[in-house]
1. Can you tell me which residues in the range A:291-303 are within 13 Å of A:R183 (Cβ to Cβ) and within 14 Å of another protein chain (Cβ to nearest Cβ)?
2. Within the range A:46-65, count every residue that is of a type in the set (D, E), at pLDDT 95 or above and within 20 Å of A:G293 (Cβ to Cβ).
3. Do any strands (runs of 3 or more DSSP E) lying entirely in the range A:25-87 carry at least 2 residues that are buried (at least 23 other Cβ atoms within 10 Å of the Cβ), and which ones are they?
4. Tally the residues that are touching a Lys or Arg at 6+ places or on another chain (Cβ under 8 Å) and free of Cβ contacts under 8 Å to residues at least 24 places away in the same chain, restricting the search to the range A:410-430.
5. Can you tell me which residue among A:D87, A:D47, A:D68 is of a type in the set (D, E) and closer than 29 Å to A:P340 by Cα?
6. Would you check if there is a residue in the range A:364-378 being in contact with a Lys or Arg (Cβ under 8 Å, 6 or more places away or on another chain), within 14 Å of chain B (Cβ to nearest Cβ) and under 23 Å from A:P443 (Cα atoms)?
7. Being within 14 Å of A:F317 (Cα to Cα) and either among the hydroxyl-bearing types (S, T, Y) or out of contact with any Ser or Thr (no Cβ under 6 Å at 6 or more places or on another chain) (or both) is the requirement here; does A:Y152 meet it?
8. Say whether the condition of being surrounded by fewer than 24 Cβ atoms within 10 Å (Cβ to Cβ), in a loop (DSSP other than H, G, I, E, B), in contact (Cβ under 8 Å) with a residue 40 or more places away in the chain and over 22 Å from the mean Cα position of the chain (by Cα) is met by at least one residue in the range A:323-338.
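The values are calculated or read from the model by the stated rules, or taken from the named source; none is laboratory data. Just so it is clear, the structure is predicted and the values come from calculations on it, not from any experiment. So basically every Cβ, Gly included, is an ideal-geometry build from the backbone, and we count neighbours across all protein chains shown.
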Amino acid sequence: MERADGNLRSNLAERARGVGSLRDFLELLEEHGQAVRWSDRVMPEPDLRNIAVAASRDVNNAPAIIFDNIAGYPGKRTVVGVHGSWDNIALLLGQPKGTTIREMFFDIAGRWGDASAQISRVSEGQAPVHECRHEENINLYDILPVYRINEYDGGFYLAKASVASRDPLEPDDFGKQNVGIYRLQIQGPDRFSLMTIPAHDMGRQILAAEREGVPLKVAVMLGNHPGVALFAATPIGYDESEYAYASAMMGAPIRLTSSGNGIDILADSEIVIEAELVLGERVFEGPFGEFPGSYSGVRRAPVFKVTAVSHRQNPIFENIYIGRGWTEHDTLIGLHTSAPIYAQLRQTFPEVTAVNALYQHGLTGIIAVKNRMAGFAKSVALRALGTPHGLMYLKNLIMVDADIDPFDLNQVMWALSTRTRADDIIVLPNMAMVPIDPAAVTPGKGHHLIIDATSYLPPDPVGEAHLVSPPTGPEIEELGKRIRQMQRGDVR
Amino acid sequence: MTPAQCPRCGSDGSTADFRGVDDGETVWTIWRCNDCCFSWRDSEPASAIDRKLRAGEFALDISDPGRFPVVLQPSNFQK
């Protein structure tokens, strides 16, 4: 862990606010030993996958890896693992390496609604993303050093693309622009399929465009501002701009420009692919090794035709390893799955003290709550299932008391062991569920499980046994830090 | 270039989408099946692209396309 004195913290925070692009962030990561260059010649398969998997085993400290010598892709670069460890996430948030997940959770939760967006515009002629432009004879394989992410994927995927689009029915509404991460499978030199579901903003827009027979144009951004990559995956309300949200959450300005097809895009991204939905066409898509650690099936998915590609000079193609966890996907979205659920719950239940939805995009979540009365936590759990993310992702919910740190699984297991009765479990059958849940009998439909591991309270007739109360609080935390410093030899 | 057989569905109809070239020499070719949309690079490990060695559960029979779920059922637009 880096020495977290006041000067270091303020320097790190200022440095993070100054990050305006992927390149800026890679520079910051390299300064802290959190990005390495892999210049030995590698084959696209299986080398890139193997190296990415080996790195992601170190969830706390793995560096981003930049490849610049890939067989068959002379002069091209790709990077994986940019958000692949908690230390990289900490640096992005302006925190020192070694910051705990709990500290980062409360950092993010504290930023919610507490800052205003700083969006500036850059003309297309001044935007780095438009330095090089292709409008004819486009071959995505000639621009992107792609590789098969998991061995039995159905093709070559862009798995860390932020896709921007305007509402096809209200194209002038800035707030109804959607920016989301969707998996894209290359389907020939200038086509790609996009996987989504009706509940996602992109799904709604595709359905609307096809229902009304109007064009749906998209801009696929690759190698993006790391804050947008972090926050564009966060479920927020449909009318909220992800750009404004990301800027506010980062406390940093974000520069936008226009894509050639009229969509607001990040001015400093590495690559943007402009495309248009092919109305009514579906192509075979998948399988794809997804975040639950299993392959999705083969489906017939919407397809887009590429109309132009812009990129920076000597662009860096950013991709992700995703599959059986932990992977970069988990560190990329874990905290920012948890924080919105926390903020949304606290609007009705300020008794909620923390939310840990790190596990497989929230397929399992742990919520800590100050229990007001017997059974109260169960109502809080039901409210969580009504949040935008909870609706389809919160499959297993464990409710714990506020004296349990939901990020400390030993404490969670203690609560399960000592505070759960067999009839404290609720199964809500046949509800909406994310289709790629591998345990589903019918994809898209499933059971939610609530385990109430909170303590007994009146009017429950059986009170809890008297608890041991070990010392806790800031004094103990300081002592813990001192012990770790002594162990490292920082103090004697 | 002779079309390659699809490692996934066995179709003989495929298209070469791109060749990777180092120092003037082709080091691999990316192929795409015209029938099942599978894409592969001919330099990949045999376990992924040799139809005989690929795991059986990842073979694909597309003789009945209707059995594959459609993502966002397209509506019958008239415009």
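1. Of everything in the range A:291-303, those that are within 13 Å of A:R183 (Cβ to Cβ) and within 14 Å of another protein chain (Cβ to nearest Cβ) turn out to be A:Y295, A:S296, A:R299, A:A301, A:P302.
2. Here the count works out to 0.
3. The qualifying strands (runs of 3 or more DSSP E) are A:64-67, A:77-80.
4. Selection size over the range A:410-430: 1.
5. Just a single option satisfies the conditions, and that option is A:D87.
6. no
7. no
8. Checked against the condition, which is being surrounded by fewer than 24 Cβ atoms within 10 Å (Cβ to Cβ), in a loop (DSSP other than H, G, I, E, B), in contact (Cβ under 8 Å) with a residue 40 or more places away in the chain and over 22 Å from the mean Cα position of the chain (by Cα), the range A:323-338 yields no hits at all.
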